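Taking it in order: structure first as structure tokens, then the write-up.
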Ligand SMILES: Cc1cc2nc3c(=O)[nH]c(=O)nc-3n(C[C@H](O)[C@H](O)[C@H](O)COP(=O)(O)O)c2cc1C
């Protein structure tokens with residue numbers, strides 16, 4: 001055994017994450033690729049081929065988290081992203097889930113409501129995007145074929161009596177994901193989208209039961225999660241957070257307190273996994289971030305939660321070391337899975353990783369999507 005192979009053994013060991021029997025600790029992070037069929041935001045054969053290439057749990061991902069998938073038209077923020085609410089989308093996703101299952105793989109759907117990160121051109125009847133408060137984000141989106149960047153629109157604050165309807169959108173999408181043959185769901189509570197907009201003080205200025213105190217700001221995320229438990233067993237539900245900032249909003253002012261609380265509440269619901277974006281972009285890890293992550297990990301585990309899935313800037317050896325140190329149960333890889341469909345196999349063999357091409361991340365066809373080869 002070479003040193004590299006020895007180094008990654010912990011990463012290639014099996015794991016039970018809630019009800020998900022994960023063949024290794026190598027998960028695929030959610031990756032928006034903006035290639036759904038139009039009109040209707042419908043997954044199709046090209047998407048099925050892409051996921052199937054990465055789905056063999058021995059060579060690729062033990063568990064795939066799907067690209068973020070809007071739960072309604074209101075929840076849409078970018079052109080060409082898929083939805084999981086219409087019958088046509090459910091049929092389209094069946095192509096994907098069947099293709100993954102044929103490889104012996106597992107796939108969970110990432111449920112997404114973008115909140116204020118949207119544009120009137122994408123919203124029902126050209127209306128304003130919705131948010132906890134009417135505060136425009138300093139962010140861009142793309143709304144059509146040109147893929148040109150446009151500033152996001154000014155949002156409007158959700159009325160208190162609209163919130164049950166938003167929760168229903170999640171419940172409906174959770175059922176649609178089940179009908180489409182997914183193995184579970186991940187609620188997207190990260191990266192500056194709706195649930196994080198509620199949680200973060202800088203984007204939530206409400207004075208009702210969904211604003212103000214930490215308990216109030218966390219309420220929507222917890223209620224949404226509870227609603228999906230009408231459809232799925234908690235052991236097939238995960239939740240994604242980005243406690244250390246992601247460039248979309250001001251960083252949380254008290255991340256240990258905020259995310260310690262959220263992780264405890266999610267753990268009490270018995271969720272199968274918590275997926276933590278530990279590092280965003282190319283920002284370096286600092287010693288100050290470690291206690292925050294330790295608090296979250298401990299809060300989730302001790303309150304009854306399942307697996308802790310780490311993400312952000314890992315390679316094979318650093319991921320394996322993190323698992324060996326008991327600081328993660330599995331690691332999700334994002335960009336590395338774009339250009340290495342056989343990522344686990346490369347880790348096992350100590351092979352070089354192929355570089356990803358940022359120019360083909362979003363939109364377009366097969367090029368830069370299904371054209372990255374596996375090693376022979
Ligand atoms: C092209 C691209 C698309 C992404 N789409 C999503 C997404 O749909 N949902 C999400 O939660 N994170 C998304 N992310 C963030 C990744 O899941 C991941 O957190 C990030 O790439 C850091 O992990 P890495 O260093 O392994 O790439 C995306 C990142 C990239 C590069």
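The values are calculated or read from the model by the stated rules, or taken from the named source; none is laboratory data. Computed from a predicted model, the values in this text were never measured in an experiment. All Cβ positions, even for glycine, are placed from backbone atoms using ideal geometry, and neighbour counts span all protein chains on display.
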Considering (1) surrounded by 19 or more Cβ atoms within 10 Å (Cβ to Cβ); (2) within 29 Å of residue 88 (Cα to Cα), say which one residue 199 fails and leave the rest. (2)
Candidate set from segment 349-371 (those that are under 22 Å from the mean Cα position of the chain (by Cα) and either under 23 Å from residue 14 (Cα atoms) or in a helix (DSSP H, G or I) (or both)); member that is farthest from the ligand (Cβ to nearest atom): 359
Does at least one position in segment 316-326 carry a residue that is within 20 Å of residue 10 (Cβ to Cβ), assigned to a loop (DSSP other than H, G, I, E, B) and in contact with a strand residue (DSSP E or B) (Cβ under 8 Å, 6 or more places away or on another chain)? no
Listed residues 267, 281; which is within 22 Å of the chain's Cα centre (by Cα) and within 16 Å of the ligand (Cβ to nearest atom)? 281
Write out, first by first residue and then by second, each pair whose Cβ atoms fall under 6 Å of each other, whose residues are 6+ apart or on separate chains, and whose first residue, in segment 72-97, is over 23 Å from residue 127 (Cα atoms) while the second is within 15 Å of the ligand (Cβ to nearest atom) and in a helix (DSSP H, G or I). 96/47; 96/51
Looking at segment 244-261, which of its residues are modelled with pLDDT of 95 or more and within 16 Å of the ligand (Cβ to nearest atom)? 259
Between a first residue in segment 331-348 that is within 15 Å of residue 280 (Cβ to Cβ) and within 10 Å of the ligand (Cβ to nearest atom) and a second residue that is modelled with pLDDT of 95 or more and part of a helix (DSSP H, G or I), which pairs have beta carbons less than 7 Å apart while being 6 or more apart in sequence or on different chains? 333/343
Which residue out of 100, 90, 114, 143 is more than 16 Å from the ligand (Cβ to nearest atom) and within 22 Å of residue 247 (Cβ to Cβ)? 143
Filter segment 287-313 down to the residues that are in a loop (DSSP other than H, G, I, E, B) and either modelled with pLDDT of 95 or more or within 16 Å of the ligand (Cβ to nearest atom) (or both) and list them by number. 303, 304, 305, 306, 312, 313
